[in-house]
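Structure first, commentary second.
Derivation of every value follows stated rules applied to the coordinates shown; laboratory data play no part. Just so we're clear, the structure is a prediction, and the values are computed from it rather than from any experiment. In this analysis, Cβ positions are derived from the backbone assuming ideal geometry, glycine residues included, and neighbour counts consider all displayed protein chains.
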Amino acid sequence: MTSKTTVKTNVGNFFEDFRVGQHLVHAPPRTVTTGEVALYTALFGSRFAVNSSDPFAQALGMPRAPVDSMLVFHLVFGRTVADISLNAIANLGYAGGVFGVPVYPGDTLTSDSRVIGLKANKDGKTGVVYVRSTGVNQHGQTVLDYRRWVMVKKRDLDAAAPETVVPELPASVPVAELHCPYTLAPGRFDTARSGAEFLWDDYTVGERIDHVDGMTIEEAEHMLATRLYQNTAKVHFNQHVEREGRFGKRIVYGGHVISMARALSFNGLANALNVAAIHGGRHSAPSFAGDTIYAWSEILAKDALPGRSDIGALRVRTVATKDRACHDFPGLDATAIDPAVVLDLDYSVLIPRR
Amino acid sequence: MTSKTTVKTNVGNFFEDFRVGQHLVHAPPRTVTTGEVALYTALFGSRFAVNSSDPFAQALGMPRAPVDSMLVFHLVFGRTVADISLNAIANLGYAGGVFGVPVYPGDTLTSDSRVIGLKANKDGKTGVVYVRSTGVNQHGQTVLDYRRWVMVKKRDLDAAAPETVVPELPASVPVAELHCPYTLAPGRFDTARSGAEFLWDDYTVGERIDHVDGMTIEEAEHMLATRLYQNTAKVHFNQHVEREGRFGKRIVYGGHVISMARALSFNGLANALNVAAIHGGRHSAPSFAGDTIYAWSEILAKDALPGRSDIGALRVRTVATKDRACHDFPGLDATAIDPAVVLDLDYSVLIPRR
Amino acid sequence: MTSKTTVKTNVGNFFEDFRVGQHLVHAPPRTVTTGEVALYTALFGSRFAVNSSDPFAQALGMPRAPVDSMLVFHLVFGRTVADISLNAIANLGYAGGVFGVPVYPGDTLTSDSRVIGLKANKDGKTGVVYVRSTGVNQHGQTVLDYRRWVMVKKRDLDAAAPETVVPELPASVPVAELHCPYTLAPGRFDTARSGAEFLWDDYTVGERIDHVDGMTIEEAEHMLATRLYQNTAKVHFNQHVEREGRFGKRIVYGGHVISMARALSFNGLANALNVAAIHGGRHSAPSFAGDTIYAWSEILAKDALPGRSDIGALRVRTVATKDRACHDFPGLDATAIDPAVVLDLDYSVLIPRR
């Protein structure tokens, strides 16, 4: 009888279940609606005008307000969890994340992944799985394409180690690969209604911005968010198990902190219309309910978009901390460990030019 | 002045206010939108593809993704509370619950009930009220029809006992009465995108499935859910009163646990497209914020649907527990009391055949 | 580098930054959807039929269910916070609040304010800022117009005091200025589906209604609500700072209590279709997570609407308390301080006549 149990239940893939080149078809598809958008606003308080207002988005040449980039990320990511990271110990990194066509309410997203690398760990208990995941809409257009690598447990400690394949991971997404979905008539960008006057031209490389505000996480909030994405990773939901675990409590989905940091970054980067690329990122430490998240950013680069004088890209490093204000830029030296830092994200945003 | 108070305020019906044959018109009607659907996803993390994706539902012959069966149940049920169970001590049981036409975002639901039985309790303080409640959409089509019986307080302990009428309650909903809203072309059901390969043919009577995962309830979550349904039962919301009450804390709406169990059951019953009938159910013990809910199921019967070779029914018993994993099927013997069991539900789901 | 920080970040206006006559353009515009409506229902459990059901609203001559008046208020108000009250110590009062055309899902709201008065406080550290704020829809139609005054900190204690201008504030909104968006055929108002039989004719001036129920606030709930409105006032969100503050905890947005009181008032004022005016209001004491809110109301006036025999107005005083039932109308004497009272609101609702 017990054997029947395991037949019907998905216990997730273990390290030895993955093969380089393997194609993973994730379930279920997800139709995104204004319901998801409203809940995302309530969870993070995001104020970016293009996501908040249909007319504002229409003035940028879009049919209506697009879905926030990071909500798209979480929905695409969420689908992959049951197949890739149900038995993961750690989410090690992201690379080469490119956002494609915008997602609008009514669109349906599906996710697929390909295994692009495998490396057994020396401990014999775990290995690193590298995947390239893509989200597409109902027209087959790519909305997101990214790599991530995770440390996954072995089911059978005696399973043979696979041939090591470590994929080449792009250090950054080339500017030419960024998608710019906006059409902006000269002088038409409404900085009064966007919430700040600062455009691409006003930022300088090396500039640092303390996003000032802090926001405390509640258990109900991170669980609502993570379930909204249909992300089923166990550690976020089960206090009965986690109270016996490493931290004695549920761990907040790392993506929750990314969304908090992006929402906080409005104060200083209000005209960053969307995230166009995620070059890399590290969840430096876990976050828990009760933590108050702060963030600061540094402008790493200013990139002109080929053939575009209306919109440019800023490459931004955003650092999020817990229970630590950011006026003095904690974690500035990325090579040193600052225990307050929970996120170090390297990404590009699109922002109107003068 | 005080008397004016009670004139305007609904204090709910007490046992002696009910009459057999009485028709109760519940308020208010409720238009269901994608907003409710998104919030339901966030509250329970449900992953059934037909509810998650418009194209997936369209491949089953539906105009768009239908609303989750249990959200329909809660919305229909929620409307009845102010008239039936505001002064209830216990929800004693359900029987003969049949889901009718699917509900789609944009539909408006109204609920009505008829009192079908009354039985005064020997203690002279309470009685059992049996009702048959129906939910209909804006076209007058039935979306749900079910019986429940509740123990209700008397207002006046001296009120005369009514004639005892105990209605005949169906032990189960006949297979011929199940509604199957799907049109499934042979071989078209997409098990890759539904999340599991197992179809009607793959289940055996007597088979048991541990749904593995556990999910902890937060106060904010069960209150958000219960208010979403406009269910006004006092014990769920008022800590100021409940801290002096029997448990010292708010009681979670029993239906919340049903939805959690149904969402958890995805892992093992991923292709169970909808709940078609609720044959019976028992909230064996109350749940509270902080409890972690687990579930397991047993296949009670496999029923072919008359004239249908594409879809079949599974009669399922799902048991939910609190703070107790289900690998060894707690509560297996339904006649014994297992203190960890909080729900024992007997229902039928529709599931594609090979 | 630090100076660059303050250049990009909005630290909010301080008392000396305001000028009488100044026009403040608030960001961002906000498209309201059924997502916001569903979440609002889940947060407050409101049951007013006109907001709950499209067909019910259509029977009142509307194209579909309008957005709850208080959700409109919070959305218009939320936009103003970053410019007006980021450095506020206290929200001192409201006056002359008039709701205009109804808001429907799909409408986009923008907010603007004009500074109508300034008064430096004797302490030299703060001043009172009086603003008149308006919310308009995408057609430029006013949806809400109200005055409020707040006590705002000075940035520079040596800043010269402005000339004192204290605006004339209307003691109440004249009945002739109330907007009535309903068309009600005689005898067509469905009191069975609205949840109560009591209409305008049934209320008497001086009548008091205990709304009976109590509802406990959770941190996740008030933060979800306040972020839904994109209200960024810091004291609601940052436990890391607030634990060192005056109360040792986050303060609940005062508007949250208004919405709770309005939802509780259904039990006694079920046919109050909408809030048409806010004459005045006082947040008598702060509320915190864990508080249980109760409410009672007094009918202050019955106003016939010019030229209308189908709908009338009730002027209502609603008092909300924390951890204190309202059967004996705490705070009845508005001139005495009752420590349980957290809200004292003077407003008008529209309600069908016989």
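For the reader, a short list of remarks on this structure follows.
- Segment B:267-281 versus segment B:22-38: alpha-carbon centroid distance in Å: 22
- Prolate/oblate/rounded label for segment B:140-289 (Cα gyration tensor, a/c 1.5): oblate
- Three-way shape label, segment B:225-346, alpha-carbon gyration tensor, a/c 1.5: prolate
- Averaged over C:249-255, number of beta-carbon atoms from partner chains that fall within 10 Å: 0
- For segment A:302-331 versus segment B:310-343, the gap between their alpha-carbon centres in whole angstrom: 51
- Kirkwood Rh, angstrom, chain C [1 / mean 1/r, Cα pairs]: 21.0
- Per residue, the convex hull volume that the Cα atoms of segment A:245-294 enclose (Å³): 90
- Part-to-part distance (alpha-carbon centres) for segment B:187-241 and segment B:82-124, which is given in Å: 20
- Dimensionless Rg over Rh [segment C:282-354; C-alpha; Kirkwood]: 1.09
- Separation in nanometres of the label points that stand 7 Å from Cα toward Cβ, at C:Val7 and A:Thr335: 2.9
- Counting only alpha carbon atoms, the long axis of helix B:34-44 and the longest principal axis of chain B meet at about 90°.
- Gyration tensor (alpha-carbon) shape descriptor, the protein assembly as shown, a/c threshold 1.5: oblate
- Principal-axis tilt of helix B:254-264 within chain B, Cα atoms, nearest 10 degrees: 10
- Kirkwood-based Rg to Rh ratio, segment C:1-119, C-alpha trace: 1.07
- Once you divide the Cα radius of gyration of segment B:54-207 by 2.2 N^0.38 Å, the number left is 1.32.
- Relative contact order for segment A:134-270: 19 percent, from Cα pairs under 8 Å spaced at least 6 residues apart, divided by residue count.
- Label-zone membership for segment C:199-230, site B:Lys153, 7 angstrom Cα→C-beta point, backbone N under 18 Å: C:210-215
- In chain A, the sites counted are GluC sites (Glu not before Pro) in DSSP loop states with at most 10 other Cβ atoms within 10 Å, and the longest stretch holding none of them, exclusive of the sites, is A:1-162.
- Exceedance of the 23 Å cut-off in Cα-Cα distance is limited, within the set A:Lys153/A:Lys234; C:Lys119/C:Lys153; B:Lys249/C:Lys234; A:Lys125/A:Lys322; B:Lys154/B:Lys322; A:Lys122/A:Lys153, to B:Lys249/C:Lys234; A:Lys125/A:Lys322; B:Lys154/B:Lys322.
- Proxy reagent accessibility, fewest Cβ within 10 Å first, across A:Phe44, C:Phe247, A:Phe14: C:Phe247, A:Phe14, A:Phe44
- In a DSSP loop and with at most 11 other Cβ atoms within 10 Å, there are no chymotrypsin sites (Phe, Trp or Tyr not before Pro) in segment A:108-170.
- In this rough spin-label picture, where each label sits 7 Å from Cα along the Cβ direction, the C:Thr142-A:Ser309 distance is 4.3 nm.
- For segment C:1-66, the share of alpha carbon pairs falling in successive 5 Å distance bins from zero is 3, 12, 13, 13, 10, 9, 9, 12, 10, 6, 3, 1, 0 percent.
- Proximal lysines relative to B:Lys302, as straight alpha-carbon distance under 25 Å, when same-chain residues fewer than 8 apart are discounted: A:Lys4, A:Lys8
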